[in-house]
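First the structure, in the form of structure tokens, and then the observations on it.
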Amino acid sequence: MYTEVGFHAHFEGTPDETVQQALGLTRDLLSADMRIREQLASGRGYRWTLDRRDTSGWTRESTTGAFFWNYFGRRTERVYQNTQLPGRLVNARHESRES
């Protein structure tokens, strides 16, 4: 799975498991419970980190990086996050309170 900003993820397993993992990640990326942090040097991305929100805050799921990048360039960071779907973590916490 590849994103426009440079993050990519690999999935292994049977075709059914691979599809389930890829669609699950896509669904989670459309909620506020996941985000991609892009680190840039001279305005060009060189590292992408997938974070997920849990009860203690943000936790790193995986990191992808470019092999060659401008080490001396000015560094900045962009955060990409969607809120199109409700998060699963928020729903799980809400459901456990009702029980």
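Within segment 6-35, being in contact (Cβ under 8 Å) with a residue 60 or more places away in the chain and in a loop (DSSP other than H, G, I, E, B) holds for one residue alone: GLY6.
Of the residues making up segment 27-56, those that are more than 22 Å from THR76 (Cα to Cα) and polar (S, T, N, Q) are SER31, THR55, SER56.
Contact map, segment 36-51: first residue farther than 24 Å from LEU25 by Cα, second residue in a strand (DSSP E or B), Cβ cut-off under 7 Å, separation 6 or more or different chains; pairs are ALA41/ARG75.
I'd like to check something: does segment 66-75 contain any residue that is over 22 Å from ASP28 (Cβ atoms), touching a Ser or Thr at 6+ places or on another chain (Cβ under 9 Å), part of a strand (DSSP E or B) and at pLDDT 90 or above? Checked segment 66-75: at least one residue is over 22 Å from ASP28 (Cβ atoms), touching a Ser or Thr at 6+ places or on another chain (Cβ under 9 Å), part of a strand (DSSP E or B) and at pLDDT 90 or above. Take the conditions of a type in the set (Val, Ile, Thr), part of a strand (DSSP E or B) and over 15 Å from ALA9 (Cβ atoms) and apply them to THR59. Does it pass? Considered against the rule, which asks whether it is of a type in the set (Val, Ile, Thr), part of a strand (DSSP E or B) and over 15 Å from ALA9 (Cβ atoms), THR59 comes out as yes. If I filter segment 67-81 down to residues being within 18 Å of the chain's Cα centre (by Cα) and surrounded by 14 or more Cβ atoms within 10 Å (Cβ to Cβ), which single residue comes out as farthest from GLY45 (Cα to Cα)? Here the residue is GLN81.
The values are calculated or read from the model by the stated rules, or taken from the named source; none is laboratory data. Worth saying up front: this structure is predicted, and the values here are computed from it rather than measured. Please note: Cβ atoms are built from the backbone with ideal geometry, for glycine as well, and neighbour counts cover all protein chains shown.
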